[in-house]
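Asker: Here you go, one structure.
Just so it is clear, none of the values below were taken in a lab; they were calculated from the coordinates. None of these values were measured; they are calculated from a predicted model. Heads up, the Cβs are rebuilt from the backbone with ideal geometry, glycines too, and the neighbour counts pull from every protein chain shown.
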Amino acid sequence: MDKKQLRNTLLLVCGAFIWGTAFVAQSVGSDYMGPYTFLAGRSWLACAFLLGLMAVLRKMGRTNTAAEPGFWQNKKVLAKGGIFCGAALFAASAAQQMGIGTTSTAKAGFMTALYVVLVPVTSIFFGSRPGVKLWGCVVVSVVGLYLLC
């Protein structure tokens, strides 16, 4: 295994660890505050972290402002995309937080993990043809969801 593959594997494990432990934090947080308050606090904390990271990267000279020169040109499309993506992310996050407050962390984690299966299935509507393995995963996931619920 080369260094790049090892680094990428460790980053995936780290991401899965953070994602998994976040369910425990969300479950405990739902005991003390409502779903929208928790979601707002989490979002503002992430915003502050990213703004700080941007400042550090800019100071280190790690940003490339010429990478996408046309990206900021069409501000109307950029604003529409941001609004629609933000609304979808808000709706999904709020529904997840409400669900975590009313069920166990394990059930919420399993149901959220179904995104991994549902995203490729929705790609059918965009002209993609999923393979047999994906359909096997869908069947096993739906059976698991049925047994869980």
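Asker: Which ones in segment 119-149 are aliphatic (A, V, I, L, M) and either over 29 Å from I100 (Cβ atoms) or surrounded by 10 or more Cβ atoms within 10 Å (Cβ to Cβ) (or both)?
Answerer: Result: V121, I124, V132, L134, V138, V139, V140, V142, V143, L145, L148.
Asker: Step by step: first the residues of segment 110-140, then only those that are of a type in the set (G, A, S) and under 19 Å from the mean Cα position of the chain (by Cα), then the one that is farthest from G15 (Cα to Cα). Which residue is that?
Answerer: The residue in question is S123.
Asker: Restricted to segment 14-27, and to residues that are surrounded by 12 or more Cβ atoms within 10 Å (Cβ to Cβ) and more than 13 Å from the chain's Cα centre (by Cα), which residue is nearest to A91 (Cα to Cα)?
Answerer: By that ranking, first place goes to Q26.
Asker: May I pose another question? For the list (1) among the hydrophobic types (A, V, I, L, M, F, W, C); (2) within 17 Å of W19 (Cβ to Cβ); (3) under 14 Å from the mean Cα position of the chain (by Cα), I need the number of the one condition that A94 fails.
Answerer: A94 satisfies all of (1) among the hydrophobic types (A, V, I, L, M, F, W, C); (2) within 17 Å of W19 (Cβ to Cβ); (3) under 14 Å from the mean Cα position of the chain (by Cα) except (2).
Asker: Taking the condition of being part of a helix (DSSP H, G or I) and loosely packed, with under 15 Cβ neighbours inside 10 Å, how many residues in segment 95-112 meet it? Please lay out each step first, then the result.
Answerer: So the first thing to find is which residues in segment 95-112 are part of a helix (DSSP H, G or I), and the list is 95-102, 105-112.
Subsequent filtering for residues that are loosely packed, with under 15 Cβ neighbours inside 10 Å retains 95, 102, 106.
The qualifying residues number 3.
Asker: Still on this structure: Answer yes if at least one residue in segment 69-85 is touching a Gly at 6+ places or on another chain (Cβ under 9 Å), surrounded by 11 or more Cβ atoms within 10 Å (Cβ to Cβ) and in a helix (DSSP H, G or I), and no otherwise.
Answerer: No, because not a single residue in segment 69-85 is touching a Gly at 6+ places or on another chain (Cβ under 9 Å), surrounded by 11 or more Cβ atoms within 10 Å (Cβ to Cβ) and in a helix (DSSP H, G or I).
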